[in-house]
Structures are given as C-alpha cells and as structure tokens.
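Asks: One structure, as structure tokens, below. Some questions next.
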Amino acid sequence: QVQLVESGGGLVQAGASLRLSCSASGRTFSMGWFSQAPGKERELVAAISRSGGSTYYRDSVKGRYTISRDKVKNTVYLRMNSLIPEDTAVYYCAAEAVLQVFRGSIVPDYWGQGTQVTVSS
C-alpha cells in the first residue's frame, strides 16, 4: 500500500499563493489533486501523467494553478496563485496504482489525508 503525505496548506488572504506537496512512499502513475469544500462533493482540481508531460486543470483554476511532479523525489506539487475565497477547501492528493492512458482525469487507488486551504477575503 502506497502512502501519500501532503503538506503546505494554511490560512492566507485573497491574492496570496500557496504550494502544496504530496510525497508518495512507493510507485505511482498518474497523480492529481482533488478539493472538497464544505457541503460539496470532492472534485478533481488538477492531474498530471506519470511522465509529467500531460496535465489537466479544472476550468476555475486554469491560469492560476500549476501541477508538477519530481520523479526523483516521488513528489507532486500544486502551485496555487491568486487565491480567492472560493478556493477554500480540503485538498487531497491522489494517485493511480496502474499505468493507464492519461485522458485528463484519474481514478485514484490511493488518497492522502487531506490538507486544509482557507482563503480569507
């Protein structure tokens, strides 16, 4: 079983930036970040293929968020710029355990514990 450990959440003001990190204890393939706001379903925010050559972003974060991965460190990052209060949510790292064609989404086999991001106005 692969463990995903997230870090980097926090409380910031609107317009600020944060970088989330997710370290995997074992081999993973496509990875992504999901967010879940209070009373809402968990939704995919961004995803990245195993090679890092393909990415996906939810429309509401395009141009503000950047997903990347360091294969040597087995870590995926989510850089979040120009944060707005609507970005407030628990952010979960997720990963696939098998190699699949990257089609802009992932079906997670592993989940992190979640990290809270709160953006004040």
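Asks: List the number of the failed condition for S25; all other conditions in (1) buried (at least 16 other Cβ atoms within 10 Å of the Cβ); (2) closer than 17 Å to V2 by Cβ hold.
Replies: Looking at each condition in turn, S25 falls short on (1).
Asks: Taking V107 as meeting all but one of (1) surrounded by fewer than 15 Cβ atoms within 10 Å (Cβ to Cβ); (2) modelled with pLDDT of 95 or more; (3) under 22 Å from S25 (Cβ atoms), write down the number of the exception.
Replies: Among (1) surrounded by fewer than 15 Cβ atoms within 10 Å (Cβ to Cβ); (2) modelled with pLDDT of 95 or more; (3) under 22 Å from S25 (Cβ atoms), the lone unmet condition for V107 is (2).
Asks: What are the residues in the range 103-121 that are over 16 Å from the mean Cα position of the chain (by Cα) and assigned to a loop (DSSP other than H, G, I, E, B), if any?
Replies: Answer for the range 103-121, where residues must be over 16 Å from the mean Cα position of the chain (by Cα) and assigned to a loop (DSSP other than H, G, I, E, B): R103, S121.
Asks: With the condition being among the β-branched types (V, I, T), open to solvent by 30 Å² or more (accessible area, probe 1.4 Å) and touching a helix residue (DSSP H, G or I) at 6+ places or on another chain (Cβ under 8 Å), I'd like the strands (runs of 3 or more DSSP E) fully within the range 29-76 carrying at least 1 qualifying residues.
Replies: Correct list: empty, since no element meets the threshold.
Asks: Being open to solvent by 60 Å² or more (accessible area, probe 1.4 Å) and either assigned to a strand (DSSP E or B) or among the hydroxyl-bearing types (S, T, Y) (or both) is the filter here, so list the residues in the range 83-94 that pass it.
Replies: none
Asks: Tell me, yes or no, whether the range 54-70 has at least one residue that is in contact with a Lys or Arg (Cβ under 6 Å, 6 or more places away or on another chain) and at negative phi.
Replies: Taking every residue of the range 54-70 in turn, at least one turns out to be in contact with a Lys or Arg (Cβ under 6 Å, 6 or more places away or on another chain) and at negative phi.
Asks: Only residues in the range 5-19 that are open to solvent by 50 Å² or more (accessible area, probe 1.4 Å) and among the aliphatic types (A, V, I, L, M) count as the first member; pair them with residues that are in a strand (DSSP E or B) and modelled with pLDDT of 95 or more, Cβ under 6 angstrom, at least 6 apart or cross-chain, and list the lot.
Replies: Within 6 Å, the pairs are V5/S23; L11/T118; A14/V119.
The values are calculated or read from the model by the stated rules, or taken from the named source; none is laboratory data. Since the model is a prediction, treat every value here as computed from it, not as a measurement. With ideal geometry, Cβ positions are generated from the backbone for all residues, glycine too; neighbour counts draw on all protein chains shown. Surface accessibility is based on the protein's heavy atoms, side chains included, excluding ligands, DNA and RNA. Shrake-Rupley method; radii C 1.70, N 1.55, O 1.52, S 1.80 Å.
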